[in-house]
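> Sharing a structure here in structure tokens format.
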Amino acid sequence: MNRCLFFLARRFIGRRHKESFIYFTSFVSVIGIALGVASLMIVLGVMNGFSNDLKRKIIGAQPHIVVEGNPYLTDYKKIAEHLKMMPGITGTGYFAQTQIIYKSSQYLIGGYLRGIEGDSEIACVKKFIKQGNLEGIYSDGIILGSELAKELDINVNDTVVIIGGIPPREYSFKVAGIVEYGVYNVDVSTGIISLENFQKKFLSGRQMASIGLTVNDIYHCEKIAEKVRNIVPADAQVSTWIKKNKILFAALALEKKAMLLILAIIIIVASFNIASSLMMTVYRKIREIGVLKAIGMTKSQIRAVFLIQGFLLGIRGLVYGLVLGGIIIWVLKRYNIVHLPEYIYSISYLPVEISGIEIFSICAAVFITTLVASIFPAYRAGKLEPAAALRYE
């Protein structure tokens with residue numbers, strides 16, 4: 001009986017030549033769902049690509065967890081020794097940061113100067129070095145952000161003057177390297193020297209700094225931070241990369257939800273097309289429904305036929321949409337055909353990433369909407385009585 005129901009459902013969809021109107025309405029429904037699914041896949045992929053790319057760059061530009069004093073810790077090395085023993089923490093480093101003014105032969109620009117020390121801080125900078133090397137910071141050298149170097153119009157081995165400290169003084173540094181994190185506001189404002197040099201020139205030789213921690217799972221930062229708070233002094237402040245960038249990622253998440261809601265309407269509209277197609281089929285197939293009931297098919301079986309028909313249309317649209325969306329995403333990732341202005345987005349191509357969970361969610365949404373759209377036409381078909389269906393035949 002199940003095979004019979006599927007056979008009838010496929011027949012009722014219509015044939016291209018004999019039942020062109022029913023076939024056309026079914027075809028439009030399938031295309032609508034396919035376009036909706038493909039659009040959802042592409043938008044999800046692009047939004048995920050941008051969000052993940054930005055997340056990687058932000059995480060690369062700063063420690064996962066930061067422990068600060070007011071403004072610095074005096075016994076930072078002793079505290080760090082205790083923190084190293086905590087499970088989940090993979091590295092420690094020390095840093096200090098202050099606002100200064102960068103001065104070249106032609107330009108004057110405000111920004112931040114960062115002094116660094118420790119394996120995790122050094123490894124972090126090494127990953128993003130674009131020119132030069134890190135070793136130069138240990139001999140009165142400085143590493144500048146790529147955009148800052150452009151603004152100052154200086155290159156590696158040039159000299160830059162820094163105005164800072166209390167009272168303000170001028171210090172000359174040789175540019176040892178250029179670093180590019182890919183986050184514009186960081187690259188346009190940051191300079192890096194050794195922590196020892198920073199303490200000597202900007203902290204009057206006092207041994208003070210903040211602690212930067214890296215963890216093995218960036219999404220468990222908040223849990224680890226809670227444990228860190230129990231170890232560090234009560235007046236110390238503990239923050240994570242999640243909290244520091246909470247507003248930015250909240251805005252990205254809101255934008256993603258808004259885009260998904262707008263594009264989900266495409267699938268909903270396509271589902272209404274399925275409902276109208278099935279209703280049209282019910283009224284065009286009144287005679288056939290009457291005959292089927294007359295030979296013994298029950299109301300539930302008639303309803304099952306139209307539910308299966310709606311399910312088949314949804315499956316076709318879903319498969320076509322997954323194939324179309326998959327091909328477009330593959331082409332975008334493989335050939336980078338969509339180019340972006342790098343000075344705005346910090347990347348030159350359109351990043352696309354989509355997960356299996358998101359594809360599963362799209363499939364589930366299509367199944368649910370097509371099922372809901374098929375319920376009323378199936379109910380109407382099951383309600384027809386044989387005598388009424390065959391009265392005018």
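The values are calculated or read from the model by the stated rules, or taken from the named source; none is laboratory data. Because the structure is a prediction, the values reported are computed rather than measured. Cβ sites come from the backbone with ideal geometry, for glycine too, and all protein chains shown count toward neighbours.
> May I ask you to verify whether residue 89 is under 17 Å from residue 229 (Cβ atoms), out of contact with any helix residue (DSSP H, G or I) (no Cβ under 9 Å at 6 or more places or on another chain), of a type outside the set (Phe, Trp, Tyr) and touching a residue at least 40 places away in the same chain (Cβ under 8 Å)?
No: the conditions fail for residue 89.
> Answer yes if at least one residue in segment 100-107 is within 32 Å of the chain's Cα centre (by Cα) and outside any helix (DSSP H, G or I), and no otherwise.
no
> Would segment 307-321 turn up any residue that is in contact with a helix residue (DSSP H, G or I) (Cβ under 8 Å, 6 or more places away or on another chain) and either outside the structural domain of residue 369 (by TED's automatic domain parsing) or modelled with pLDDT under 80 (or both)?
no
> Here are the criteria: (1) assigned to a loop (DSSP other than H, G, I, E, B); (2) over 24 Å from residue 5 (Cα atoms). Tell me which single one residue 329 does not satisfy.
(1)
> Something else about it: For the structure I just gave you, tell me whether residue 353 is acidic (Asp, Glu) and in a helix (DSSP H, G or I).
It is false that residue 353 is acidic (Asp, Glu) and in a helix (DSSP H, G or I).
> Out of 294, 253, report the one residue that is within 18 Å of the chain's Cα centre (by Cα), farther than 12 Å from residue 374 by Cα and surrounded by fewer than 16 Cβ atoms within 10 Å (Cβ to Cβ).
Details: 294 fails: within 18 Å of the chain's Cα centre (by Cα).
Only one candidate qualifies: 253.
> Suppose we filter 274, 262 for residues that are under 16 Å from residue 368 (Cβ atoms) and either crowded, with 17+ Cβ neighbours inside 10 Å or at pLDDT below 80 (or both); which single one remains?
That would be 274, the only listed residue that is under 16 Å from residue 368 (Cβ atoms) and either crowded, with 17+ Cβ neighbours inside 10 Å or at pLDDT below 80 (or both).
> Still on this structure, I have one more. Suppose the filter is in a helix (DSSP H, G or I), more than 36 Å from the chain's Cα centre (by Cα) and more than 27 Å from residue 50 (Cβ to Cβ); does residue 277 pass it?
Answer is yes for this residue.
> Where residues in segment 164-197 are closer than 16 Å to residue 121 by Cα, among the aliphatic types (A, V, I, L, M) and not in a strand (DSSP E or B), which of them is modelled with the lowest pLDDT?
That would be 186.
> Something else about it: Tell me, yes or no, whether segment 256-274 has at least one residue that is part of a helix (DSSP H, G or I) and within 30 Å of residue 63 (Cα to Cα).
Scanning segment 256-274, I find at least one residue that is part of a helix (DSSP H, G or I) and within 30 Å of residue 63 (Cα to Cα), so the answer is yes.
> Let me ask you something else. Could you please find all residues in segment 124-160 being assigned to a strand (DSSP E or B) and either surrounded by 15 or more Cβ atoms within 10 Å (Cβ to Cβ) or touching a residue at least 60 places away in the same chain (Cβ under 8 Å) (or both)?
129, 130, 131, 132, 141, 142, 143, 144, 145, 160
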